[in-house]
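The values are calculated or read from the model by the stated rules, or taken from the named source; none is laboratory data. In this text the structure is predicted, and so the values were computed from the model without any measurement. Virtual Cβ from ideal backbone geometry, glycine too; neighbours counted across all protein chains shown.
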Amino acid sequence: MTVSSDALIVDDAATVRLYHGSILRDAGFDVVEAANGYEALEAALAHRFDVVLADVNMPRMDGYKFVAALRRGGPSRTAPVVMISTESADNDASQAYAAGANVYLNKPVAASELVGVVLALTGRLGS
């Protein structure tokens, strides 16, 4: 029996959503994509996701604000969040963790690293 999990990918770059989505689909996830924090928050309030991947720099609502809003309520408020960004300063990671992220990764992320982190966070590592 195959267990499917739902992942939400939030990034303003369509190519990044395509890349991350392809990696997670290959790992057995059903993927929903959003181009900004507002779209993502709307999806997360309507559906329970098993994991969320969020970019930091996005128009309208950045990743930090999105994650903070996600943590305030809704069916996905406890979902593990992986923030992925080109920003590599220590304070960027600190801001991500302060907003409620579980893991902070720098772009570009190798497929094997992304899958390993997501499977570990969702309790599917080794299954």
Residue in the stretch 78-106 that is surrounded by the fewest Cβ atoms within 10 Å (Cβ to Cβ), counting only those that are under 20 Å from VAL32 (Cα atoms) and touching a residue at least 24 places away in the same chain (Cβ under 8 Å): PRO80
Out of everything in the stretch 24-46 that is in a helix (DSSP H, G or I) and touching a Phe, Trp or Tyr at 6+ places or on another chain (Cβ under 9 Å), what residue ends up being farthest from ALA68 (Cα to Cα)? ALA43
Which condition number does MET61 fail, the rest of (1) crowded, with 22+ Cβ neighbours inside 10 Å; (2) assigned to a loop (DSSP other than H, G, I, E, B) being met? (1)
Return a yes/no flag: does the stretch 65-77 have any residue that is free of Cβ contacts under 8 Å to residues at least 24 places away in the same chain, outside any loop (DSSP other than H, G, I, E, B) and surrounded by fewer than 13 Cβ atoms within 10 Å (Cβ to Cβ). yes
Report yes if some residue within the stretch 86-109 is within 15 Å of PHE29 (Cα to Cα), aliphatic (A, V, I, L, M) and modelled with pLDDT of 95 or more; otherwise report no. no
Subset of the stretch 1-23 (residues that are under 18 Å from VAL118 (Cβ atoms), of a type in the set (Ser, Thr, Tyr) and in a helix (DSSP H, G or I)): TYR19, SER22
List every residue pair whose Cβ atoms sit under 7 Å apart, with the two residues 6 or more apart in sequence or on different chains, where the first one lies in the stretch 43-62 and is in contact (Cβ under 8 Å) with a residue 60 or more places away in the chain and over 11 Å from VAL10 (Cβ atoms) and the second, anywhere, is acidic (Asp, Glu) and surrounded by 14 or more Cβ atoms within 10 Å (Cβ to Cβ). ASP50/ASP6
If a residue has to be within 15 Å of ASN102 (Cα to Cα), of a type in the set (Asp, Glu) and over 12 Å from the mean Cα position of the chain (by Cα) to count, how many in the stretch 29-70 make the cut? 0
